[in-house]
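Read the structure below first, then the notes.
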Amino acid sequence: MKIVLLGPPGAGKGTQAEWISEKYDIPRISTGDMLRDHVARQTELGNLANQYMNDGKLVPDDVVIQMMRERLEEEDCRNGFLLDGYPRTLHQAQALDEAETLDLVLYLDVGDGEIVRRMSGRRVCSSCGAIYHLVNDPPRAEGICGKCGSTLKIREDDEESTVRKRLEVFRLQTTPLISFYSSKDILRKADSGGSIEDTTSNIRAVLEDSATSSVL
Ligand code: AMP
């Protein structure tokens, strides 16, 4: 099962990816997480990516494409994968297309106003990367990760001005992927403007529908 999760920042890709990857027993691969890991380890790639990420811009295609090419060759991707945050440009989509045949591209659809509201409440665990929301999905103890006990923080690129920049980048560089995948008839939309539970059930409906219409 080879699935791509497409959607603007704050659409809920990371949250929804967790159960989808469990359901199909495939690894969730997030380019954002991989890049943040490089930044934290101060690798050559991380030092290069850092400035782009803090400015809300995309890391250059050649860097990300090479990183993903290597990742998708790893053993755990034998039975498929769930990509979260990749591809994000037509160039990346074409590179992926040359290497893999995707089963489904799931587009999480949500408006800009809701995204800005969500991201201002988003908190992530500084250690395990778990995601919380002050209103929609608060941690049991304030500021503490319920999974590993580490401190929660605001991601630097979740500041409002950076979020607006990331949305603009999404509109310009990532929305062309919607028609790219529509023309291959593997794109399915799920409304993700409501609660986490509503989005989950919208996605379940799309996955069931895709299974019966043999996309999956
Ligand atoms: P995310 O966690 O997916 O929202 O990604 C955070 C940041 O990492 C983005 O704003 C980009 O700077 C960078 N990034 C993640 N995925 C990609 C990608 N596929 N291509 C280029 N930059 C990326």
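The values are calculated or read from the model by the stated rules, or taken from the named source; none is laboratory data. Fair warning: this is a prediction, and the values are worked out from it, not measured in the lab. Neighbour counts run over all protein chains shown; Cβ positions are idealised from the backbone, glycine included. Quick note on the areas: whole protein, heavy atoms, side chains included, nothing else; ligands and nucleic acids left out. Shrake-Rupley method; radii C 1.70, N 1.55, O 1.52, S 1.80 Å.
At a glance:
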| read-out | value |
| --- | --- |
| Evaluation of LEU108 against (1) near the ligand (Cβ under 10 Å from one of its atoms); (2) under 20 Å from PHE180 (Cα atoms) (one fails), failing number | (1) |
| Hits in segment 109-121 (condition: under 16 Å from the mean Cα position of the chain (by Cα) and open to solvent by 40 Å² or more (accessible area, probe 1.4 Å)) | ASP109 |
| Test: residue in segment 150-173 that is touching a strand residue (DSSP E or B) at 6+ places or on another chain (Cβ under 8 Å), surrounded by fewer than 18 Cβ atoms within 10 Å (Cβ to Cβ), of a type in the set (Gly, Ala, Ser) and at pLDDT 95 or above | yes |
| Residue selected from segment 12-37 under the condition of a type in the set (A, V, I, L, M, F, W, C) and more than 10 Å from the ligand (Cβ to nearest atom), by the criterion most open to solvent (accessible area, probe 1.4 Å) | TRP19 |
| Test result for GLU98, farther than 16 Å from ASP37 by Cα, charged (D, E, K, R) and more than 9 Å from the ligand (Cβ to nearest atom) | yes |
| Boolean, GLY113 is in contact with a Pro (Cβ under 9 Å, 6 or more places away or on another chain), without any contact (Cβ under 8 Å) to a residue 60 or more places away in the chain and either of a type in the set (Gly, Ala, Ser) or in a loop (DSSP other than H, G, I, E, B) (or both) | no |
| Residues that are more than 8 Å from the ligand (Cβ to nearest atom), touching a helix residue (DSSP H, G or I) at 6+ places or on another chain (Cβ under 6 Å) and closer than 14 Å to MET34 by Cα, drawn from segment 48-81 | ASN50, ILE65 |
| Odd one out for LEU106 among (1) at pLDDT below 90; (2) buried (at least 19 other Cβ atoms within 10 Å of the Cβ) | (1) |
| Pick from segment 202-216, criterion part of a helix (DSSP H, G or I) and among the polar types (S, T, N, Q), ranking: nearest to GLY14 (Cα to Cα) | ASN202 |
| Single residue of segment 183-195 satisfying the filter (open to solvent by less than 60 Å² (accessible area, probe 1.4 Å) and out of contact with any helix residue (DSSP H, G or I) (no Cβ under 6 Å at 6 or more places or on another chain)) that is modelled with the highest pLDDT | ILE186 |
| Residue satisfying condition, being under 21 Å from LEU5 (Cβ atoms) and of a type in the set (Asp, Glu), within set GLU197, GLU156, GLU142, GLU160 | GLU197 |
| Complete set of residues in segment 182-201 that are in contact with a Gly (Cβ under 8 Å, 6 or more places away or on another chain), part of a helix (DSSP H, G or I) and not hydrophobic (A, V, I, L, M, F, W, C) | THR199 |
| Residues that are within 14 Å of the ligand (Cβ to nearest atom) and aromatic (Phe, Trp, Tyr), drawn from segment 131-170 | PHE170 |
